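Heads up, the thing below is written out as structure tokens.
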Amino acid sequence: MSSSSQSTKNIFSLTEDLLVRVYEKLAFESDRKSFRLVCREFRRIDSLTRKHLRVLRVEFLPSLLQKHPQLQSLDLSSCPRIDDGVVSLLLTRVGPGSNSVSWASWTQGLRRLVLSRATGLRFSGLEMLARACPSLESVDVSYCCGFGDREAAALSCAVGLKELKMDKCLQLSDVGLAKIAVRCLKLEKLSLKWCMEITDLAVDLLCKKCVDLKFLDISYLKVTNESLNPIASLLKLEVLCLMACPLIDDAGLQYIERGCPSLKAIDVSRCEGVGSSGLIAVVRGHHNLVELNAGYCLTELSSTLLHWIKNLKQLEMIRIEGARISESGFQVISTNSKSLLEIGLSKCVGVSNMGIMRLISGCINLRVLNLTCCHSVTDAAISAIADSCRKLVCLKLESCNMITEKGLCQLGSFCLLLEEIDLTDCCGVNDKGLEYLSRCSELSCLKLGLCTNISDKGLFYIGSNCTKILELDLYRCTGIGDGGLEAISRGCKKLTKLNLSYCNEVSDRGLGYISNLEELFDLEMRRLDKVTGVGLEAIAAGCKRLADLDLKHCVKVGDSGFWALAYYSRNLRQINLSYCAISDMALCMMMGNLTRLQEAKLVHMTNVTVEGFELALRACCVRIKKVKLLAPLRFLLSSEILETLHARGCIIRWD
Amino acid sequence: MDLKERLSGDLQNKEHPSFTNFDTQNQQKWEDPSMLDYSTRIEPPHFLGFNQSSQTQPSNNQIKVPGQDGPVNEALQANKVQEWDPSTMLNNLSFLEQKIHQLQDLVHLIVGRRGQVLGRPDELVAQQQQLITADLTSIIVQLISTAGSLLPSVKHTLSAATPSIGQFGQFGGVVFPPGQGMNGGVQPQNASASKVSEQPNTVDVSSNSGNEQNHIIEEHDMKDEEDAEDGENLLPGTYEILQLEKEEILAPHTHFCTICGKGFKRDANLRMHMRGHGDEYKTPAALAKPHKESSSEPTIIKRYSCPYAGCKRNKDHKKFQPLKTILCVKNHYKRTHCDKSYTCSRCNTKKFSVIADLKTHEKHCGKDKWLCSCGTTFSRKDKLFGHIALFQGHTPAIPLDENKGSIGSCNYTQKSGEE
């Protein structure tokens, strides 16, 4: 008793600055949460020192912002109800006690703002934010599909911006980008992926104005070689992503050869027009290249290209998905690129055991190896990999059918650092193989989809040894049942992501075990024919953190399960209820109660009437961002609700 | 009929050696028995006559010299031929060679079969002729364009004897004297002539060939810019200055049908129209151009003066710059000295005196008004972006910056009106 009081006294006797230091050592968010919950003093320490805040519910935002004066980074991406009104409220009146100064104090130190998927926000709110936060350096508005030029103009008010992510701001055109380019001259990182309206003109202007750019992502854009000329003039550019730019070709890459003196990484994957000669030009011009992603744009890794790749002494990552590569090619890479950490050979033609052996004989530092769909790879190659690449962290072997427990035995014996392994569709994997594999105790991601030869016995080994597993994919592992899930739930307590789809032996009892996984975040359980409302109730009550749930084709689940979800799973963000036997009432309850819900797939639900849909959508229209409905409903739902959804930036996918 | 006279007149200027070579080659071929019918049409004696006459009239040539450079320049500008590429030339020449060989083979074939088909009707002969005519035409077109590509370099190096493109065109006219029921080669030949129709003389020859020709010329004239001849340096006195009166310029039609009274802007069109009034207007003589050049001096280049006193285009102006064609005169006069009576129905601000200008404007009016934050508007986005790149702090304006809620091009015009 006395010793316990002594220890209590000790920890309270720590001064504030020491407590702050202790607090700063806590790496995991869950640990910090525990720290907060110790006592008021600790909570105060947390509030005072906290720099990053990720808010889930808008209703707590005002008080949270008031309590955290040191805030530097604010993430509102999981906060579906954020809109212009909320922003103006936050900026002018923070909590009931504060004086109504021009801008709230929390904005002064804010450097980073994540507004990804903040579809309720519009340009006026953005402009207020941009003007209110003088130190703003980084903004993420990716996947705000409704954002366009006016939003870009609003963002450009933050003149100190160094980092801007505008992926999939579909309405953004040259005019909006020009606004940003002209005003945000300090820009260093810019991502414009899927901003389909952008043309060469704006890219040209951007490169003329924002000369400090270090990172530029223009993937999927319809820009031409005309854009590469100005891009080549960027002296500080280090990373250039041109993925799937259909109009860029080898001639354009000649500009890159002569320009971009600081280039470290280039991604030209899936550029239809790019071939060997373009890549040769890039490689020839940049001996210091660290990353080269040429996936699906080469038919063959030609000897000329290899000759130039030889000169890349600092190359750490190379991806040549889909290309034909010869054994001598492997030899060249092996002998010259000693620094390679990652090789992507997914769907490459000509990947043989001999080739792999030659490759890994030189590249012993390899961390990541992707051999997806290299069908001729057998245990011999895996053994060689395990033997030489002891530092391997990630190995992808999807569809490598020849692999058996022998290969896994080698991996389990030597690659003890392995964190991620993808064995999807490797029908040679069996329980014995899993036993060997379970020796890799660092494993955090294990994909066993379509491995029909594994059973509860195999999962038992995994559950017993791989306690660090975060992600487990058992898609269509028809051999497993409730017993395996029991082992998993007992051993893999940190599991956040689990796929049980089409494991049709799993019943309510199995889900009962799963409900013990408190960290579970994402659960996919399509077509579990034996599961009823009882199983779902257990999940809802147990997995409090559940955010993503797929119940498609779980036809036996009754309303009791859905009621339970509506009551307990308040953190649900995405749900798929297609083909479920849910009633009008249960649907309305769910959609109304689940205040974090952002995306719902609601097709082929035979028990739900049009009125049911109408009411359910009305109940969630202020926060839902994406909803999938059957096409006939387009004409049956009231125009009022459709307009409201549209005005809130919700995307309706008519199936 | 005056055709002969005119042809010989036109031919006086030809004396390029390579060209004569070509003539003789062809003549040799045409002397082939199978071509007898054809060769009578081309009237070889003219070629002889032309050589002689050009030698006997040196003074005539000298007069023409300064005037010739001008058209060459124009032809260059029009064709956008900037450099002479020897490899292209070689390609063209080998193409020609090939073509000529093909034709030769064809003629040989015809000669060979001649014995067999002796008793056949004339249709076959006509077909053969058509075939050969077509081939010859393509050869000539190729030759003209090849020679045309050579011209820029020739202009500086060779002396006054260089034939202009227009003269090549005339040659085409000579080989196929129009208006005599030519069956196959008429249309291609027209095309070749229209290529070089910058040269006014060409019009004279080829307009005989048919209606299509006139249309082509008309279109071409429409595009003529009044400033097109700015690069031309005609020495004063080397050309004839004509000055149309105001009424003449503004008159809509200058040629009227004597039967129905319908008005035309061009005599050639009137002549085509006349064909509809009876067979007597369909004779080659009636269709042929009234003989202006044959009677007057054909080598004198005509330039036009604007009747408006004090205008730079008026011949009394110190720095007089003549206008090239009547159409130039008309457009110049309307644009510069007349009221702008055509108002754009879209923007209601822009006014034009030439209806074609209005039409051009209306195509672009209202749409894609690109506006900079400084208030400057641009018709094209790239122009706006060029402007923004140039000036510090300028940004493209988004219409809804000021006007929340509505989208539309009308906002642009409103805004530009305000500023």
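Computed quantities for the displayed model
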item	result
Flag for A:SER376 being assigned to a loop (DSSP other than H, G, I, E, B), more than 27 Å from A:LEU228 (Cβ to Cβ) and of a type in the set (Gly, Ala, Ser)	yes
Members of the range A:115-129 found to be over 19 Å from A:GLN171 (Cα atoms) and surrounded by fewer than 22 Cβ atoms within 10 Å (Cβ to Cβ), listed by number	A:MET128
Complete set of residues in the range A:130-158 that are assigned to a loop (DSSP other than H, G, I, E, B), away from every other protein chain (no Cβ under 11 Å) and of a type outside the set (Phe, Trp, Tyr)	A:CYS133, A:PRO134, A:SER135, A:LEU136, A:GLU137, A:VAL141, A:SER142, A:CYS144, A:CYS145, A:GLY146, A:CYS157, A:ALA158
Per-region count, the range B:369-392, residues open to solvent by 40 Å² or more (accessible area, probe 1.4 Å), touching a residue at least 12 places away in the same chain (Cβ under 8 Å) and at the interface with chain A (Cβ under 8 Å from one of its Cβ atoms)	1
In the range B:233-269, the residues that are more than 23 Å from B:LYS324 (Cβ to Cβ) and either surrounded by 12 or more Cβ atoms within 10 Å (Cβ to Cβ) or in contact with a Phe, Trp or Tyr (Cβ under 9 Å, 6 or more places away or on another chain) (or both)	B:PHE256, B:CYS257, B:ILE259, B:LYS262, B:GLY263
Filtered residue count, the range A:192-216, keeping only those that are open to solvent by 10 Å² or more (accessible area, probe 1.4 Å) and either of a type outside the set (Lys, Arg) or farther than 16 Å from B:LYS381 by Cβ (or both)	13
Lone qualifier among B:GLY375, B:GLY386 - being at pLDDT below 85 and within 30 Å of A:ALA154 (Cβ to Cβ)	B:GLY375
Some residue of the range A:178-189 being under 23 Å from the mean Cα position of the chain (by Cα), part of a strand (DSSP E or B) and either surrounded by fewer than 20 Cβ atoms within 10 Å (Cβ to Cβ) or facing another protein chain (nearest Cβ under 10 Å) (or both)	yes
Condition met for B:ASP357 (modelled with pLDDT under 85 and either more than 14 Å from every other protein chain (Cβ to nearest Cβ) or at positive phi (or both))	no
Answer from A:SER219, A:SER227, A:SER142 - the residue that is within 22 Å of A:GLU291 (Cβ to Cβ), open to solvent by less than 10 Å² (accessible area, probe 1.4 Å), among the hydroxyl-bearing types (Ser, Thr, Tyr) and in contact with a helix residue (DSSP H, G or I) (Cβ under 8 Å, 6 or more places away or on another chain)	A:SER227
Selection within the range B:393-413 - modelled with pLDDT under 80 and at the interface with chain A (Cβ under 9 Å from one of its Cβ atoms)	B:LEU400, B:ASP401, B:LYS404
Complete set of residues in the range A:154-172 that are of a type in the set (A, V, I, L, M, F, W, C) and either open to solvent by less than 10 Å² (accessible area, probe 1.4 Å) or in contact with a strand residue (DSSP E or B) (Cβ under 6 Å, 6 or more places away or on another chain) (or both)	A:ALA154, A:LEU155, A:ALA158, A:LEU161, A:LEU164, A:MET166, A:CYS169, A:LEU172
Qualifying residue in the range A:232-242 (condition: open to solvent by 10 Å² or more (accessible area, probe 1.4 Å), more than 14 Å from chain B (Cβ to nearest Cβ) and of a type in the set (Val, Ile, Thr))	yes
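The values are calculated or read from the model by the stated rules, or taken from the named source; none is laboratory data. No experiment lies behind these values; they were computed from the predicted model shown. In this analysis, Cβ positions are derived from the backbone assuming ideal geometry, glycine residues included, and neighbour counts consider all displayed protein chains. Only protein heavy atoms, including side chains, enter the accessible area calculation; ligands, DNA and RNA are left aside. Shrake-Rupley method; radii C 1.70, N 1.55, O 1.52, S 1.80 Å.
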